[in-house]
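J.: Mind having a look at this structure? Questions to follow.
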Amino acid sequence: MDRLFYLADLFGVAVFAITGALMAGRKSMDLFGVLVIAIVTALGGGTLRDLILDNHPVSWIRNDTYIWVASLAAVGTVLWVRMTQPIHERGLLIADAFGLAVFTVIGTEVALQHNMPHSTALIMGVMTGVAGGVMRDVICNEIPLIFQKEIYATACLLGSLVFIGMRELGTPHWLDTGVAMLCVLLARLAAIRWHLALPRFHLLNRD
Amino acid sequence: MDRLFYLADLFGVAVFAITGALMAGRKSMDLFGVLVIAIVTALGGGTLRDLILDNHPVSWIRNDTYIWVASLAAVGTVLWVRMTQPIHERGLLIADAFGLAVFTVIGTEVALQHNMPHSTALIMGVMTGVAGGVMRDVICNEIPLIFQKEIYATACLLGSLVFIGMRELGTPHWLDTGVAMLCVLLARLAAIRWHLALPRFHLLNRD
Amino acid sequence: MDRLFYLADLFGVAVFAITGALMAGRKSMDLFGVLVIAIVTALGGGTLRDLILDNHPVSWIRNDTYIWVASLAAVGTVLWVRMTQPIHERGLLIADAFGLAVFTVIGTEVALQHNMPHSTALIMGVMTGVAGGVMRDVICNEIPLIFQKEIYATACLLGSLVFIGMRELGTPHWLDTGVAMLCVLLARLAAIRWHLALPRFHLLNRD
């Protein structure tokens with residue numbers, strides 16, 4: 001079970017790295033830039049969480065599998081596009097939703113293991129899911145898309161809430177993990193399918 | 001006295017969160033983006049200071065009052081604007097100056113408690129005051145305003161200097177806190193009133 | 001020998017601060033903005049490395065020489081340009097390559113001292129060399145140049161690799177440090193001289 005979850009985590013790292021590599025390509029970055037953006041997207045959220053929780057060593061510095069998976073995913077993306085293969089947008093979105101689900105559950109769980117209050121565990125779940133993507137967008141000089149388009153972080157919030165609630169009820173580990181991941185996944189897929197979005201806050205710029 | 005200062009700190013968190021929510025509105029972000037920008041603006045400076053000083057646990061992760069105050073201030077701002085209430089710009093600037101004063105004193109004090117050299121305490125005072133606003137501007141894809149307009153960070157520098165100097169002289173705690181906050185407040189209000197600004201450094205772009 | 005290396009480190013801090021101050025000037029920032037960008041460029045990479053490795057205290061908070069050197073370099077740059085002295089672009093690029101070499105070796109060594117795996121030491125070497133410049137560009141609202149132009153981070157990667165390899169072979173400290181720095185320096189100078197660049201990854205934006 002733990003082994004399965006570790007593989008799911010690595011899958012999430014690979015998918016997030018691919019989205020980072022694609023964004024770097026849209027900015028015409030060189031190979032090194034592609035690697036950096038891919039690694040930041042894949043590992044940035046978890047790193048920020050570990051720093052704030054003082055959870056050392058940071059996950060990837062002792063186990064270099066994470067860096068290798070992110071790097072290979074980035075290089076693979078470049079080769080794939082070079083061979084003029086089309087990118088299966090829908091497949092990527094679904095894979096990304098799955099990665100988001102894994103990261104959210106991990107983030108929430110790490111915070112609970114540090115005996116954090118529920119509100120902090122919630123924030124850590126969302127942060128682990130979305131902060132890497134925000135860093136990717138900020139470095140690439142874009143206003144983070146997740147603050148403007150379909151429901152994304154809200155799916156993390158939901159999954160994190162469900163996970164915390166089930167933990168309180170004392171359900172078995174495989175069950176709360178599975179149900180929370182399913183919530184993130186379904187919320188995200190529904191948002192993509194029906195273009196669900198949060199209301200936006202428009203304020204005229206008076207400068 | 002400590003209780004009074006804690007309330008002042010929460011007031012600063014609320015005001016900074018409001019400035020974050022307004023900036024998010026200018027970028028037409030959704031409700032979640034508004035929350036994130038508000039929280040980053042309010043708590044980003046103190047978090048960065050705590051990470052660099054290795055001052056764990058980071059202030060807000062054990063006491064969720066901070067997150068709640070920032071979130072409620074953000075939601076309140078959206079509701080206020082939705083009800084087409086005007087924003088009292090001048091009132092907000094004055095409240096922001098007060099928050100800046102509180103944050104500067106807290107940042108300087110935390111560094112002194114860690115036996116840092118005066119230069120580091122000065123930097124931590126300024127960082128606590130301004131880094132949240134810089135993060136807000138960077139995420140929103142703006143060049144930080146505080147590096148270009150009226151005196152802002154310089155007010156923090158002054159207040160932090162005064163605080164350190166009075167501490168060295170051994171004045172009572174309420175006195176050095178009060179005088180340092182007053183310095184930040186007056187410097188900032190004077191800058192707003194008479195448009196005081198530091199000289200700017202213009203360099204032609206030769207790219 | 002250690003003393004010599006410490007001086008080389010301070011030289012690197014000064015050069016990176018100058019590149020930060022010049023970028024701030026291109027964005028017409030005020031004096032305070034110039035100071036912040038200079039300090040972030042000079043000390044940002046090492047600070048991020050220390051935070052991720054949990055290597056406290058962060059180098060500059062106990063020894064204020066770093067802050068002073070960066071600040072004086074920034075103020076000196078402004079005065080130099082104000083007196084309408086030309087900036088010797090080529091000289092600055094060479095000095096920057098030297099600073100990059102010092103930072104890369106320091107970063108790799110700190111990671112090895114913490115018994116990190118080689119892949120992590122490599123990343124810390126590159127991060128110490130380039131992260132400050134990336135932060136400078138992100139705050140100044142530019143897509144990081146090092147991801148788009150001549151070989152830069154790749155020179156760090158090479159130097160870091162050579163350093164780790166020689167360490168494994170057990171060469172004396174002055175030799176591995178010297179050779180690794182020379183590799184960074186030569187790779188960077190060759191890149192500038194012959195405009196060597198990594199292939200770029202172009203992806204059409206379909207938004």
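Table: residues versus (1) touching a residue at least 12 places away in the same chain (Cβ under 8 Å); (2) at the interface with chain C (Cβ under 7 Å from one of its Cβ atoms).
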| residue | (1), (2) |
| --- | --- |
| A:L4 | no, no |
| A:G12 | yes, no |
| A:K27 | yes, yes |
| A:D30 | no, yes |
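J.: Only one of B:A131, B:A180, B:A121, B:A97 is in contact with a Leu (Cβ under 7 Å, 6 or more places away or on another chain) and either among the aromatic types (F, W, Y) or over 26 Å from B:A38 (Cβ atoms) (or both). Can you tell me which? Outline the logic, then answer.
T.: On the way: B:A131 fails: either among the aromatic types (F, W, Y) or over 26 Å from B:A38 (Cβ atoms) (or both); B:A180 fails: in contact with a Leu (Cβ under 7 Å, 6 or more places away or on another chain); B:A97 fails: either among the aromatic types (F, W, Y) or over 26 Å from B:A38 (Cβ atoms) (or both).
Answer to the selection: B:A121.
J.: Take A:A153 and tell me if it is without any contact (Cβ under 8 Å) to a residue 40 or more places away in the chain and surrounded by fewer than 24 Cβ atoms within 10 Å (Cβ to Cβ). Full working, then the answer.
T.: Values: without any contact (Cβ under 8 Å) to a residue 40 or more places away in the chain: yes; surrounded by fewer than 24 Cβ atoms within 10 Å (Cβ to Cβ): no.
No: the conditions fail for A:A153.
J.: For region C:121-135, name all the residues that are more than 15 Å from the chain's Cα centre (by Cα) and modelled with pLDDT under 95.
T.: The first filter runs over region C:121-135 and keeps only residues more than 15 Å from the chain's Cα centre (by Cα), leaving C:121.
The answer is none; no residue qualifies.
J.: Of all residues in region A:157-172, which are of a type in the set (S, T, Y) and either crowded, with 20+ Cβ neighbours inside 10 Å or touching a strand residue (DSSP E or B) at 6+ places or on another chain (Cβ under 9 Å) (or both)? Working first, answer last.
T.: Residues of region A:157-172 of a type in the set (S, T, Y): A:160, A:171.
Result: A:S160, single match.
J.: Give the residue that is modelled with the lowest pLDDT, with candidates limited to residues of region A:142-178 that are of a type in the set (F, W, Y) and assigned to a helix (DSSP H, G or I). Spell out how you get there, then give the answer.
T.: So the first thing to find is which residues in region A:142-178 are of a type in the set (F, W, Y), and the list is A:147, A:152, A:163, A:174.
Checking which are assigned to a helix (DSSP H, G or I) leaves us with A:147, A:163, A:174.
Details: A:F147: 82, A:F163: 97, A:W174: 89.
Only one residue tops the list, namely A:F147.
J.: Test each condition in (1) assigned to a helix (DSSP H, G or I); (2) within 8 Å of chain A (Cβ to nearest Cβ); (3) farther than 30 Å from B:N115 by Cα for B:T77 and report the one that comes out false.
T.: Going through (1) assigned to a helix (DSSP H, G or I); (2) within 8 Å of chain A (Cβ to nearest Cβ); (3) farther than 30 Å from B:N115 by Cα one by one, B:T77 breaks only (2).
J.: Just to be sure before I move on: is A:R49 among the basic types (K, R) and within 15 Å of the chain's Cα centre (by Cα) in the structure I sent? Let's see the steps before the verdict.
T.: Details: among the basic types (K, R): yes; within 15 Å of the chain's Cα centre (by Cα): yes.
The answer is yes for A:R49.
J.: Moving to a separate point now. Spot the failing condition for B:R62; the list is (1) within 30 Å of A:H114 (Cα to Cα); (2) basic (K, R); (3) away from chain A (no Cβ under 11 Å), and only one is missed.
T.: (3)
This table checks each residue for (1) away from chain C (no Cβ under 14 Å); (2) farther than 30 Å from A:I139 by Cβ.
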site	(1), (2)
B:I139	no, no
B:I146	no, no
B:E150	no, no
B:I164	no, yes
B:R167	yes, yes
B:W174	yes, yes
B:M181	yes, yes
B:I192	yes, yes
B:L203	no, no
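J.: Right, another one. Taking region A:173-195 as the region of interest, how many residues are loosely packed, with under 13 Cβ neighbours inside 10 Å and touching a residue at least 60 places away in the same chain (Cβ under 8 Å)? Before you say what the answer is, go through the steps one by one.
T.: Filtering region A:173-195 down to residues loosely packed, with under 13 Cβ neighbours inside 10 Å leaves A:174-175, A:193-195.
Those still in the list that are touching a residue at least 60 places away in the same chain (Cβ under 8 Å) too: A:174.
Going through region A:173-195 one residue at a time, the tally reaches 1.
J.: Which residues, taken from region B:101-119, are surrounded by fewer than 24 Cβ atoms within 10 Å (Cβ to Cβ), facing another protein chain (nearest Cβ under 9 Å) and either touching a Lys or Arg at 6+ places or on another chain (Cβ under 8 Å) or not in a helix (DSSP H, G or I) (or both)?
T.: B:H114, B:M116, B:P117
J.: Examine region A:82-100 for a residue that is at the interface with chain C (Cβ under 8 Å from one of its Cβ atoms), aliphatic (A, V, I, L, M) and in contact (Cβ under 8 Å) with a residue 12 or more places away in the chain, and state whether such a residue exists.
T.: No, region A:82-100 contains no residue that is at the interface with chain C (Cβ under 8 Å from one of its Cβ atoms), aliphatic (A, V, I, L, M) and in contact (Cβ under 8 Å) with a residue 12 or more places away in the chain.
J.: Looking only at region C:83-100, count how many residues are under 10 Å from the mean Cα position of the chain (by Cα) and either acidic (D, E) or not in a helix (DSSP H, G or I) (or both). First the steps, then the outcome.
T.: As a first pass, look at region C:83-100 and keep what is under 10 Å from the mean Cα position of the chain (by Cα): C:96-100.
Pick out the ones that are also either acidic (D, E) or not in a helix (DSSP H, G or I) (or both) and you get C:96.
Final tally of qualifying residues: 1.
J.: More than 8 Å from chain B (Cβ to nearest Cβ), free of Cβ contacts under 8 Å to residues at least 40 places away in the same chain and surrounded by 20 or more Cβ atoms within 10 Å (Cβ to Cβ): does that describe C:A42? Spell out the reasoning first.
T.: Working: more than 8 Å from chain B (Cβ to nearest Cβ): yes; free of Cβ contacts under 8 Å to residues at least 40 places away in the same chain: no; surrounded by 20 or more Cβ atoms within 10 Å (Cβ to Cβ): yes.
So C:A42 does not fit the description; no.
J.: Taking the criterion of being charged (D, E, K, R) and in a helix (DSSP H, G or I), would at least one residue in region C:26-35 satisfy it?
T.: There is at least one residue in region C:26-35 that is charged (D, E, K, R) and in a helix (DSSP H, G or I).
J.: Would you be able to tell me the number of residues in region A:43-71 that are under 18 Å from C:A131 (Cβ atoms) and touching a Gly at 6+ places or on another chain (Cβ under 6 Å)? Don't jump to the end; show me each part of the working.
T.: Step one: filter region A:43-71 for residues under 18 Å from C:A131 (Cβ atoms), giving A:43-48, A:50-51, A:58, A:60-61, A:67, A:70-71.
Adding the requirement that they be touching a Gly at 6+ places or on another chain (Cβ under 6 Å) leaves A:44-45.
So the count comes out to 2.
J.: Looking at the structure I just gave you, is C:A70 more than 10 Å from chain A (Cβ to nearest Cβ), touching a residue at least 40 places away in the same chain (Cβ under 8 Å) and closer than 13 Å to C:R188 by Cβ? Even if it seems obvious, please write down each step before you answer.
T.: Details: more than 10 Å from chain A (Cβ to nearest Cβ): yes; touching a residue at least 40 places away in the same chain (Cβ under 8 Å): yes; closer than 13 Å to C:R188 by Cβ: no.
Taking the combined requirement at face value, the residue does not satisfy it.
The values are calculated or read from the model by the stated rules, or taken from the named source; none is laboratory data. As the structure is a prediction and not an experimental result, all values here were calculated from the model. Heads up, the Cβs are rebuilt from the backbone with ideal geometry, glycines too, and the neighbour counts pull from every protein chain shown.
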